[in-house]
1. Can you give me the C-alpha center-to-center distance between the range 59-100 and the range 353-412, rounded to a whole angstrom?
2. Please give the FRET efficiency for residue 381 paired with residue 332, using the beta carbon to beta carbon distance and R0 = 30 Å, rounded to the nearest 0.05.
3. So for 412, 379, fewest C-beta neighbours within 10 Å to most, what's the order?
4. Let me know the charge dipole size of the range 152-257 about its Cα centre in debye, to the nearest 20, where only the beta-carbon of Lys, Arg (+1) and Asp, Glu (-1) is charged.
5. Taking H as built 1.01 Å from N, whose amide H comes closer than 5 Å to the amide H of residue 307, not counting residues under 5 places away?
6. Taking the Cα centre of the chain as origin, work out the dipole magnitude from +1 charges on Lys and Arg Cβ and -1 charges on Asp and Glu Cβ, in debye rounded to 20.
7. Positive end of the charge dipole of the chain (Lys, Arg +1 and Asp, Glu -1 on Cβ, about the Cα centre): tell me which of 201, 355, 132 has its Cα farthest that way.
8. By how many degrees, 0 to 90 and rounded to 10, does the Cα axis of helix 170-179 deviate from the longest principal axis of the chain?
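Since every read-out is calculated from the coordinates, none of them should be taken as a lab result. As the structure is a prediction and not an experimental result, all values here were calculated from the model. Here the Cβ positions follow ideal geometry from the backbone for every residue, glycine too, while neighbour counts run over all protein chains shown.
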Amino acid sequence: MIGAGYLGSVTGVCLAKLGHDIIFVDKDKRKLTQIRQKKPPVFEPGLDELLMQVEVGVEEDLQRAVRNTDICFVCVGTPNNELNGHIDLTEVRRTSEEIGKAIGRNQLVVIKSTVMPGAMEKEIIPILEKNGKKLGTDFGVCVNPEFLREGTAINDFLHPDRIIIGEANTESGDCLSNLYREFDCPILRVDLKTAEMIKLASNCFLATKISFINELGNICKLMGIDVYKVATGMAYDPRIGDKFLSAGIGFGGSCLPKDLAGLITMARDEVNYQPKLLQSVMSVNNSQPLRAIELLKKYIPNLDGQHIGVLGLAFKPGTDDVRDSPAIKVIKELLAQKAIPEAYDPRAMTNFRTLFPQIEYRELKDVMKCRAIMIITEWAEFVELDYKGKIVIDGRRLAKANGAEIYEGVCW
Ligand code: UGA
């Protein structure tokens, strides 16, 4: 398992639980030490208990790990390049170089990291073959995208709704589908490019649903209609369904924004297509957090020097992940308007502090001393707070906050 971040550690520990021998490799030695000490290198509910139940190995030398295993899962990060939006393959390339030096007894290389459609064929296979080893004779290749959600990743891994196998050739696909033979779900076998696109398409579709309901919510709010009731009414139609129709402050995380930006830039730069719908999905999402600030300013027109409580920094509850969290846009705008944000999150303050060391991080009870409160993440512990006498701007529809003196939902 190359890469012991969210994806690698969940995949590795779950496969170990299913009876496979797992060796973790990571360039970050701390992560390996943590695994050795039976401490998960990332926060994911249930991962600590599962790690205690299994035996897994760690290996600092990637090439040795490859030589000693039958399948290498590549689970390294593929962040967005901040300048051009492209998915950054630096780590996948670096890892593939190393794998290419050690492979050769018909092992299988499985890319789990999200890569752009075509990346495997155009870039990664040539790197793997650089040292004279040939795909088909010396090694096999699959693309096996994951659909894990942070916070429920273990359950998602153990009970998937589908497994997508992109295969370079039938032997590679046979080998990987054999690994998954115990799973009770459809296994779709396609070519490499199609598998890569299925991953992006799935996340971009989810993003589209959210931006759709957020835009509808913005319209409904102006018309005095409750968008949550509209969504309930829509959801009876099985073609629409009830998932991912919770309107609010917008989507964040390490996946939806990144995959959306990646598909937009790929379409534009590589096949000269302007993806108008996807661009709008992104632009609606970028402006939702700013709508929350506009609502706040209805009651406090000049934010200069005002203490504003911010509840929730993680991009969603159940995680300490703040990547692309809507809280980032909210805090940036509060600071731009010279407000004094007082922030609390049960899990994500340490990570958020690395981005915004300059703001005040408080205990929950102290944040609740602020008159104005912005709810950014729907952590369960925010539900039962006493919002009486407060100005509450709610980005996540916490029903109880409705008892506030002034209550404004972002889309309702
Ligand atoms: C997402 C996908 O849901 C997974 O299927 C996929 O495997 C994963 O990305 C990935 O590519 O690795 P994740 O980023 O963990 O998973 O988070 P989601 O549960 O999808 O939530 C994303 C964002 O959308 C959150 O900020 C959440 O608050 C927001 N959201 C979700 C809404 O604003 N409204 C909704 O109705 C649903």
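1. First find each Cα centre; the distance between them is then 40 Å.
2. FRET efficiency, residue 381 to residue 332: 0.75.
3. 412, 379
4. Numbers: 10 positive and 13 negative charges, 87 e Å.
Roughly 420 debye, rounded to the nearest 20.
5. When sequence neighbours closer than 5 places are left aside, the close amide H contacts are 340.
6. The dipole of the chain has a size of about 680 debye.
7. Positive-most Cα among the choices belongs to 355.
8. 60
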